[in-house]
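See structure below.
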Amino acid sequence: MSETLTNNPQQARKRQLTGEVLSVVENKTIHVIVRMQKMHPKYKKQYWVSKKYAVHDEMNSAQMHDEVVFQESRPYSKTKKWKLVRIAKKHVI
């Protein structure tokens, strides 16, 4: 799960994140968790940090446990400031 920047010179540089879908209960909204591994500056111990994002999914195409790529966008609501770019990997049962 990572963070990248777009390279299009005409478009403002928007952050892109990759994460796993946690919830698809709401209409046109998915909740995605992004997990990153960090290292403690003093003790050099690696640990996991996670953050949950509300992402706008216009077509309701993402399902639970899919791996998705999403990027910054205009605010859709108080908490929803990200939009779905693509589904990187579908979850197979």
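The values are calculated or read from the model by the stated rules, or taken from the named source; none is laboratory data. As the structure is a prediction and not an experimental result, all values here were calculated from the model. In this analysis, Cβ positions are derived from the backbone assuming ideal geometry, glycine residues included, and neighbour counts consider all displayed protein chains. Keep in mind that these areas ignore ligands, DNA and RNA; they rest on the heavy atoms of the full protein, side chains included. Shrake-Rupley method; radii C 1.70, N 1.55, O 1.52, S 1.80 Å.
Quick look at the values:
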read-out	value
For the chain, with +1 on Lys and Arg beta carbons and -1 on Asp and Glu, the positive-most of MET39, ASN60, VAL24 along the dipole	MET39
Protein accessible area in the chain, 1.4 Å probe - carbon and sulfur %	53 percent
Heavy-atom surface of the chain, accessible at 1.4 Å and reported per residue (Å²)	72 Å²
Backbone N within region 54-70 under 19 Å of label point (7 Å from MET36 Cα along the Cβ vector)	54-55, 68-70
Exposure ranking of HIS91, HIS56 by accessible area [1.4 Å probe, largest first]	HIS91, HIS56
[x] 63; [y] 51; [z] 57, with the label sought being that of the calculated percent of Cα pairs over 16 Å apart	[z]
Tally of Lys pairs whose C-alpha atoms are under 12 Å apart, taken over the chain, 8 or more apart or cross-chain	5
Label-point gap, in nm, between MET64 and SER50 - each point 7 angstrom along Cα→Cβ	1.5 nm
Of LYS44, LYS81, LYS28, the one that fluctuates the most in a GNM where the chain has Cα springs shorter than 10 Å	LYS44
Additional length obtainable on full extension of the chain from TYR43 to SER77, 0.36 nm per residue less Cα span	8.2 nm
For the chain, size of Cβ-based charge dipole, Lys and Arg +1, Asp and Glu -1, in debye	520 debye
